[in-house]
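Visitor: This is the structure I have questions about; it appears just below.
What follows draws every value from the coordinates through simple rules; no lab data is involved. None of the values given here were measured: they were computed from a predicted structure. Note that each Cβ is placed from the backbone with ideal geometry, even for glycine, and that neighbours are counted across all protein chains shown.
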Amino acid sequence: MSNTTTFFDEEIGAVIWEISGVANMHYFKTVSEITHLLREKHNSIKQINSIKNMSSLSDEIQVFIKNDFFEMAKKSGLKYFAFVIPECDKGQLSMNIANNGAAQKWDMEIEYFSNKQEAVAWLNSK
């Protein structure tokens, strides 16, 4: 993964995960586990994945998201999940494949935004 930042934003009470470039499975899995730990530590039910500059997700990562990530997210309390969508078509397609059906299956609200400000505003309303 070329660049990623993960932190808890106290102002909005949410974990922020900013991703750009191409995702590496080992690193993606490690950082995703950190997001769950941060939510648990801060008793947060909100997260933003800002993936506007992400290229794409490998098939392996898409399977991990569908089979493991969302289950861990639910167990760690995630209820409101905002995505700042990728600019490139490949990134959007891989995000859509990975997230397909997750809101219903895991009983969480997932919304998509073109910029971080809109995502923050939505989470602030929750």
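Visitor: Return the subset of Lys74/Lys126; Lys29/Lys126; Lys46/Lys90; Lys41/Lys105 for which the Cα-Cα distance in this structure is over 22 Å, preserving the input order.
Guide: Violating the 22 Å limit, Cα to Cα: Lys29/Lys126; Lys46/Lys90; Lys41/Lys105.
Visitor: First check a/c for segment 41-126, with a ≥ b ≥ c the square roots of the eigenvalues of its C-alpha gyration tensor; if it is under 1.5, answer rounded, and if not, answer prolate when a/b is larger than b/c or oblate otherwise.
Guide: oblate
Visitor: So what J values fall out for segment 15-25 if you push phi through Karplus, 6.51 cos²θ - 1.76 cosθ + 1.60 with θ = phi - 60°, rounded to Hz, Gly and Pro as x?
Guide: 7, 10, 10, 9, 10, 9, x, 9, 7, 9, 4
Visitor: Antiparallel versus total DSSP beta bridges in segment 3-124: what percent is that, nearest 5?
Guide: Rounded to the nearest five, the antiparallel share is 30 percent.
Visitor: OK, next. To the nearest 500 deg cm²/dmol, what mean residue ellipticity at 222 nm is calculated for the chain from DSSP H runs of n ≥ 4 alone, each contributing -39,500 (n - 2.57), summed and divided by the residues?
Guide: -12000 deg cm²/dmol
Visitor: Which one of Thr6, Val22, His42 has its Cα pushed farthest toward the positive end of the charge dipole of the chain, where Lys and Arg give +1 and Asp and Glu give -1 at the Cβ?
Guide: So the residue we want is His42.
Visitor: Let me have the relative contact order for the chain, percent, based on Cα pairs under 8 Å that are six or more residues apart.
Guide: 25 percent
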